[in-house]
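Q: What follows is a structure written as structure tokens; I'll ask about it next.
The values are calculated or read from the model by the stated rules, or taken from the named source; none is laboratory data. Not measured: the values here are computed from a predicted model. Neighbour counts run over all protein chains shown; Cβ positions are idealised from the backbone, glycine included.
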Amino acid sequence: MSNRISQIKSLVKNECFNLGFIDNWFYGVHLLGVEKFAKVLFKKMSKADKEIVLLGVWLHDLQRVRGIKGDHAKMGAIEAEKVMRQFNYPEKTIKHVKEIILAHSCDTCLMPETLEGKILASADAMAHYVNDFYLTIAVTGAVTGERDLVSFKKWALEKLDKDYNRKIFFDFAKKMIEKRHKALKEVFTMK
């Protein structure tokens, strides 16, 4: 990992724990999970620009980390640009990273088009399957009163479907988490 990316990772980690806009689990559970899967995907996708993807990994959720209201992907891309400018990245890199952040949510109107964008979206989705992501959201939502069990299950099933069917772009990656996908679907369809 380049020195600049290590510094950005440290900056994001510090903001996660010190700004107070996200729960403490987010860095260790989600962001480190996305990094882990991006690195797994690199092994099969050697042509990918690793720096672009790793910048996307560490900057894609800045909107949440910084507690900024508004569109998750758009605000995240704006915040990512600010950080990359602080670290003197060239315009071409800034543009590419912003593009993959804008598309990482895989909304119907904007899907990743580059290999790097597909890796970021896939790693982001895969990270939801191999830790307590869904259970953590269930517990924190119950504590804050944001969701009851019925609405959480509905949200979780929609999120599982989107993560697996729209955000994971590589068949080998789907196979890696297929058992967990099925198990989580079973849990959330129990009556």
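Q: Whether any residue in segment 77-97 is of a type in the set (Asp, Glu) and farther than 21 Å from PHE21 by Cβ is what I want to check. Write out each step before concluding.
A: First, the residues of segment 77-97 that are of a type in the set (Asp, Glu): 79, 81, 91.
Of the ones still in play, those that are also farther than 21 Å from PHE21 by Cβ are 91.
Checked against the condition, which is being of a type in the set (Asp, Glu) and farther than 21 Å from PHE21 by Cβ, segment 77-97 yields at least one hit.
Q: Can you pull out every residue in segment 67-100 that is surrounded by 18 or more Cβ atoms within 10 Å (Cβ to Cβ) and not in a helix (DSSP H, G or I)?
A: Across segment 67-100, the qualifying residue is only TYR89.
Q: With respect to the numbered conditions (1) surrounded by fewer than 17 Cβ atoms within 10 Å (Cβ to Cβ); (2) under 15 Å from VAL40 (Cα atoms); (3) among the acidic types (Asp, Glu), which one is the sole condition not fulfilled by ASP124?
A: (1)
Q: Any residue at all in segment 155-171 that's touching a residue at least 60 places away in the same chain (Cβ under 8 Å), among the polar types (S, T, N, Q), assigned to a helix (DSSP H, G or I) and surrounded by fewer than 20 Cβ atoms within 10 Å (Cβ to Cβ)?
A: Kept after step one, since they are touching a residue at least 60 places away in the same chain (Cβ under 8 Å), are these residues of segment 155-171: 166-167, 170.
Among the residues that remain, those that are also among the polar types (S, T, N, Q) are: none.
Checking segment 155-171: not a single residue is touching a residue at least 60 places away in the same chain (Cβ under 8 Å), among the polar types (S, T, N, Q), assigned to a helix (DSSP H, G or I) and surrounded by fewer than 20 Cβ atoms within 10 Å (Cβ to Cβ).
Q: In this structure, is ASP132 free of Cβ contacts under 8 Å to residues at least 60 places away in the same chain and not small (Gly, Ala, Ser)?
A: On the way: free of Cβ contacts under 8 Å to residues at least 60 places away in the same chain: no; not small (Gly, Ala, Ser): yes.
No; evaluated as a whole, the condition is false for this residue.
Q: Just to verify a result, which residue in segment 104-136, among those that are in contact with an Asp or Glu (Cβ under 7 Å, 6 or more places away or on another chain) and not in a loop (DSSP other than H, G, I, E, B), is nearest to ARG166 (Cα to Cα)?
A: ALA125
Q: Does ILE5 meet the test of being assigned to a helix (DSSP H, G or I), of a type in the set (Val, Ile, Thr) and out of contact with any helix residue (DSSP H, G or I) (no Cβ under 7 Å at 6 or more places or on another chain)?
A: On the way: assigned to a helix (DSSP H, G or I): yes; of a type in the set (Val, Ile, Thr): yes; out of contact with any helix residue (DSSP H, G or I) (no Cβ under 7 Å at 6 or more places or on another chain): no.
In short, no.
Q: Look at VAL40 and say whether it is β-branched (Val, Ile, Thr), crowded, with 22+ Cβ neighbours inside 10 Å and either outside any helix (DSSP H, G or I) or out of contact with any Pro (no Cβ under 7 Å at 6 or more places or on another chain) (or both). Show your work before the answer.
A: Numbers: β-branched (Val, Ile, Thr): yes; crowded, with 22+ Cβ neighbours inside 10 Å: no; either outside any helix (DSSP H, G or I) or out of contact with any Pro (no Cβ under 7 Å at 6 or more places or on another chain) (or both): yes.
When the stated conditions are applied, VAL40 does not pass them.
Q: Something else: Suppose we filter segment 81-115 for residues that are hydroxyl-bearing (Ser, Thr, Tyr) and either at pLDDT below 95 or under 16 Å from ASP61 (Cβ atoms) (or both); how many remain?
A: Pass one, segment 81-115, residues hydroxyl-bearing (Ser, Thr, Tyr): 89, 93, 105, 108, 114.
Filter once more, so that each one left must be either at pLDDT below 95 or under 16 Å from ASP61 (Cβ atoms) (or both): 105, 108.
Adding up the residues that qualify gives 2.
Q: Among what's in segment 45-66 and is buried (at least 23 other Cβ atoms within 10 Å of the Cβ) and in contact (Cβ under 8 Å) with a residue 60 or more places away in the chain, pick the residue that is farthest from PHE170 (Cα to Cα).
A: Among residues in segment 45-66 that are buried (at least 23 other Cβ atoms within 10 Å of the Cβ) and in contact (Cβ under 8 Å) with a residue 60 or more places away in the chain, the one farthest from PHE170 (Cα to Cα) is HIS60.
Q: Identify, by number, the condition in (1) touching a Lys or Arg at 6+ places or on another chain (Cβ under 7 Å); (2) closer than 22 Å to ALA48 by Cα that GLU79 doesn't meet.
A: (2)
Q: May I pose another question? So, in segment 1-28, of the ones that are under 20 Å from ASN131 (Cα atoms), touching a Phe, Trp or Tyr at 6+ places or on another chain (Cβ under 8 Å) and surrounded by fewer than 18 Cβ atoms within 10 Å (Cβ to Cβ), which residue ends up modelled with the lowest pLDDT?
A: ASN24
Q: Within the set of pairs 6 or more residues apart or between chains, which connect a residue that is farther than 21 Å from SER122 by Cβ inside segment 83-101 to a residue that is loosely packed, with under 15 Cβ neighbours inside 10 Å and charged (D, E, K, R) with Cβ atoms less than 8 Å apart?
A: ILE94/ARG85
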